[in-house]
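> Dropping a structure here in structure tokens format, bear with me for questions.
The values are calculated or read from the model by the stated rules, or taken from the named source; none is laboratory data. Keep in mind the model is a prediction, meaning the values are calculated, not measured. Cβ sites come from the backbone with ideal geometry, for glycine too, and all protein chains shown count toward neighbours.
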Amino acid sequence: MEDVAINTKSTKKLGGITGKGFMPGKSGNPSGRPRDPLKEFQRHQFERMTNKEKAEFLKKIDAIDRWKMAEGNPASATELSGKDGNPLAVIVFDESFKKRYESTGESKN
């Protein structure tokens, strides 16, 4: 059996290939997610309303929408299956398929 040397040193360069990419321990988005100015404006307007004005405003909104405003959208999950209940088949089309398809004249491009 031959002895094989194992390289234990990391060959990865900090910051990726250029050295200017993401660095360990440093955020890739230091300013955070940008705020929505319209949403902030509406929130500020609502905060300035009296309780009576708020009640009148909320009367015009459906109950489910009021709930979503307060709690956020409820979680939902969708499961897709075929007609017989079996999982859907995944078909991957590569360039050779595209060439064969185009050569049949069925292509609408």
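> Take the residues of segment 15-40 that are closer than 30 Å to A70 by Cβ and among the charged types (D, E, K, R): which is modelled with the highest pLDDT?
Here the residue is E40.
> Looking at I91, I61, can you tell me which residue is surrounded by 10 or more Cβ atoms within 10 Å (Cβ to Cβ) and at negative phi? Reasoning before the result, please.
Working: I91 fails: surrounded by 10 or more Cβ atoms within 10 Å (Cβ to Cβ).
Exactly one of I91, I61 is surrounded by 10 or more Cβ atoms within 10 Å (Cβ to Cβ) and at negative phi, namely I61.
> Condition (residue is of a type in the set (V, I, T), exposed (fewer than 10 other Cβ atoms within 10 Å of the Cβ) and assigned to a loop (DSSP other than H, G, I, E, B)) applied to segment 15-28: is it met by at least one residue? Please lay out each step first, then the result.
Narrowing segment 15-28 to residues of a type in the set (V, I, T): 17-18.
After this cut, where a residue has to be exposed (fewer than 10 other Cβ atoms within 10 Å of the Cβ) as well, the list is 17-18.
Retained after the next criterion (residues that are assigned to a loop (DSSP other than H, G, I, E, B)): 17-18.
Yes, segment 15-28 contains at least one residue that is of a type in the set (V, I, T), exposed (fewer than 10 other Cβ atoms within 10 Å of the Cβ) and assigned to a loop (DSSP other than H, G, I, E, B).
> Sticking with this one: Residues to consider are E56, E102; find the one that is surrounded by 10 or more Cβ atoms within 10 Å (Cβ to Cβ) and modelled with pLDDT of 90 or more.
Details: E102 fails: modelled with pLDDT of 90 or more.
Matching residue, one of E56, E102: E56.
> Quick one: A70 ticks every box in (1) surrounded by fewer than 10 Cβ atoms within 10 Å (Cβ to Cβ); (2) over 28 Å from the mean Cα position of the chain (by Cα); (3) hydrophobic (A, V, I, L, M, F, W, C) except a single one, so which number is it?
(2)
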